[in-house]
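Q: Attaching a single structure in structure tokens format; questions to follow.
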Amino acid sequence: MAQPGPLSGITIIDMSRILAGPYCTLLLAELGARVIKVEAPQGDDAREYGPFKNGKSTYFASVNRGKESIALDLKSEADREIFERLLDKADALVENFRPGTMERLGFGWEKLHERYPRLIYAAASGFGHTGPYSKYPSYDMVVQGLGGIMSITGIPDGPLVRVGTSVGDLAGGLYTAIALNAAFLHRERTGEATKVDVALFDCQLALLENAIMRYTTTGEIPGPLGARHPSITPFEALATSDGHIIIAAGNDGLFVKLAQVLGRSDLAENPSYKTNALRNQHQPVLKAELESVLQGNTTDHWIAVLEKAGLPCGPVNNVAQALAHPQTDARNMLISVDDPVTGPLKLAGNPMKLSAFADPTTRAPAPDLDADRAKILRELGMTPSGPA
């Protein structure tokens, strides 16, 4: 079932559920790893999250395509034996339980490392396996709030808003996947397996990027700025006659070119706008000047003008418009899954393009709960009633 990729031959035991861990293992599957999803008898919670099609969660399908499923009750001796045999054949285990859960089941890092010295162990949790908040539960919105990212999202003096995607979980999945690939390389070089410990809270701090520097350098606590960059001007959404256009003039040369294209060369000569620091200082006034020109024509008109001049720009697309963009099709970023339950689905493609491997337009579907049990047991030399 696994598609060819640089991780072909790698087997991942995926004990994770909902989003952070499953997104990590989705990326590993896209890179060629075989992912065996070990679910509790009731299944991944995400199987109950909408939207549904023919009774099956397409939320679940979107991050679990191309994986295999076996349901195991790790409090059952028979299922523990199956799990242990799986670990015998595995390269890595991924879990996103609250710290201490795996230890209570008898499968914590220390015990597993002693018994399976080549097994890499990756844990993605709300606060990581150390620190005073380690044992606290967490979800995406909790770490978006705690990690500061919600405080810089939205418009000044507006209501609190979350980032439009689950950036807390997705960042955790991305960082875990990056660390796992580094752990595979380390094992290849040294023979040593390692534990990967990723905290969603840490990931949110890491994603604050220049907000941290603005605070630690100036003492000013950053806040939301709407649709503009905090350190570059003009680098924001600007009003046109029928909507908005994103203009990203990221250096002095681009600003001069922008002023010329808009027929406002005087702006480039204005002492208040000579450098990015000055433009940033006078951002509200400069924005008004630019919009006084841009509101004289449509977004499409200005995009054509600015693109011809080589200026970075774009519309503010909704999801339907983004998916219909010609670049989406050209980059195979909307792939097909022929699910036997839901019927055909269109899901996000793989953004990691590798010259040595094909990027097919179709993918295998997400598995039904326990769908691969018989196949996996045969591979392990077992039957449903015990060892063969």
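Q: Relative to the longest principal axis of the C-alpha atoms of the chain, give the angle of the C-alpha long axis of helix 299-308, reported between 0 and 90° and rounded to the nearest 10°.
A: Here the helix axis deviates by roughly 90 degrees.
Q: Ordering LYS287, LYS274, LYS308 by how much accessible area each has at a 1.4 Å probe, largest first, what is the list? Working shown, then result.
A: On the way: LYS287 65, LYS274 100, LYS308 185 Å².
Result, largest first: LYS308, LYS274, LYS287.
Q: What per residue convex hull volume, in Å³, do the alpha-carbon atoms of region 318-359 yield? Walk me through the numbers before you get to the answer.
A: Working: hull volume 3.4 nm³, N = 42.
Enclosed volume per residue, from the Cα hull, is 81 Å³.
Q: Still on this structure, I have one more. Using alpha carbon centroids, what distance separates region 44-97 and region 161-237, in Å?
A: Region 44-97 and region 161-237 have Cα centres spaced 27 Å from each other.
Q: Hey, any idea what the orientation-averaged projected area of the convex hull of region 331-388's Cα atoms comes to, in nm²? Display every interim value, and only then the final one.
A: Details: hull surface 23.2 nm².
The orientation-averaged projected area of the Cα hull of region 331-388 comes to 5.8 nm².
Q: Further, regarding this structure: Taking θ as phi - 60°, what are the ³J(HN,Hα) couplings along region 130-145 by the Karplus curve (6.51, -1.76, 1.60), each to the nearest whole Hz, with x for Gly and Pro?
A: Going residue by residue, I get 9, x, x, 9, 3, 8, 6, x, 7, 10, 3, 5, 5, 6, 4, x Hz, with x marking Gly and Pro.
Q: Please calculate how many Å² of accessible area region 299-388 carries per residue, with a 1.4 Å probe and no DNA, RNA or ligand atoms counted.
A: Value for region 299-388: 60 Å² per residue.
Q: So, for region 1-119, what is the accessible surface per residue at a probe of 1.4 Å, expressed in square angstrom? If you can, show how the numbers build up before the last one.
A: Numbers: 4770 Å² over 119 residues.
Spelled out: the 1.4 Å probe surface of region 1-119, per residue, equals 40 Å².
Q: Given a 1.4 Å probe and the protein chains all in place, what does the accessible area of MET141 round to, in Å² to the nearest 10?
A: Taking all protein chains as shown, MET141 has close to 100 Å².
Q: Over every pair of different alpha-carbon atoms in the chain, take the mean of 1/r and invert it; report that Kirkwood radius in Å. The partial results should precede the final answer.
A: Working: mean 1/r = 0.0421 Å⁻¹.
For the chain, inverting the mean 1/r across all distinct Cα pairs yields 23.8 Å.
Q: Hey, what angle do you get for helix 167-190 against the long axis of the chain, alpha-carbon based, 0 to 90 degrees rounded to 10?
A: Once rounded, the angle reads 60 degrees.
Q: Now for a separate question. Ordering LEU238, LEU146, LEU31 by how much accessible area each has at a 1.4 Å probe, largest first, what is the list? Walk me through the numbers before you get to the answer.
A: On the way: LEU238 0, LEU146 95, LEU31 20 Å².
Result of the area sort, largest leading: LEU146, LEU31, LEU238.
Q: Taking every pair of alpha-carbon atoms in region 155-302, give the share separated by more than 20 Å as a whole percent. All intermediate terms of the calculation are to be shown ahead of the outcome.
A: Numbers: 6830 of 10878 pairs.
So the portion of pairs separated by more than 20 Å is 63 percent.
Q: So what does PHE357 come to for accessible area, using a 1.4 Å probe and Å² rounded to 10?
A: PHE357 has an accessible surface of roughly 80 Å² with all protein chains in place.
Q: Stokes-Einstein at 10 °C, 1.306 mPa s, Kirkwood radius from Cα pairs: D for region 289-370 in µm² s⁻¹? Mind showing how you got there, number by number?
A: Numbers: Rh = 16.1 Å.
For the chosen part, D equals 99 µm²/s.
Q: I'd like the accessible area for TYR49: 1.4 Å probe, protein heavy atoms, all chains in place, Å² to the nearest 10.
A: Answer for TYR49: close to 80 Å² accessible.
Q: Return the carbon/sulfur percentage of the accessible area of region 185-227, one whole number, probe 1.4 Å, all protein chains in place.
A: Values: 1530 of 2650 Å².
Answer for region 185-227: carbon and sulfur cover 57 percent of the accessible area.
Q: Could you give the spread of the C-alpha atoms of region 241-388 along their three principal axes, from largest to smallest, in whole angstroms?
A: 83, 30, 29
Q: Hey, what does the equivalent ellipsoid look like for region 1-106, semi-axes from the Cα gyration tensor as sqrt of 5 times each eigenvalue, largest first, whole Å?
A: On the way: eigenvalues 88, 72, 29 Å².
The equivalent ellipsoid of region 1-106 has semi-axes of 21, 19, 12 Å.
Q: How far is helix 283-294 tilted off the main Cα axis of the chain, in degrees rounded to 10, range 0 to 90?
A: The answer is roughly 80 degrees.
Q: Oh, and also: Pairs of Cα atoms under 8 Å, at least six residues apart: use those to get the relative contact order of the chain, whole percent. Don't skip to the answer; put the middle values down first.
A: Values: 685 pairs, mean separation 65.1, N = 388.
The normalised contact order for the chain reaches 17 percent.
Q: When DSSP assigns beta bridges and you keep just the ones with both residues in the chain, what percent turn out antiparallel, to the nearest 5?
A: Working: 19 of 41 bridges.
Counting only bridges with both partners in the chain, antiparallel ones make up about 45 percent.
Q: In what order, largest first, do LEU345, LEU170 sit by accessible area if the probe radius is 1.4 Å?
A: Values: LEU345 20, LEU170 45 Å².
From most exposed to least exposed: LEU170, LEU345.
The values are calculated or read from the model by the stated rules, or taken from the named source; none is laboratory data. Please read all numbers here as calculations on a predicted model, not as lab measurements. Just the protein is used for accessible areas: all its heavy atoms, side chains included, with ligands, DNA and RNA removed. Shrake-Rupley method; radii C 1.70, N 1.55, O 1.52, S 1.80 Å.
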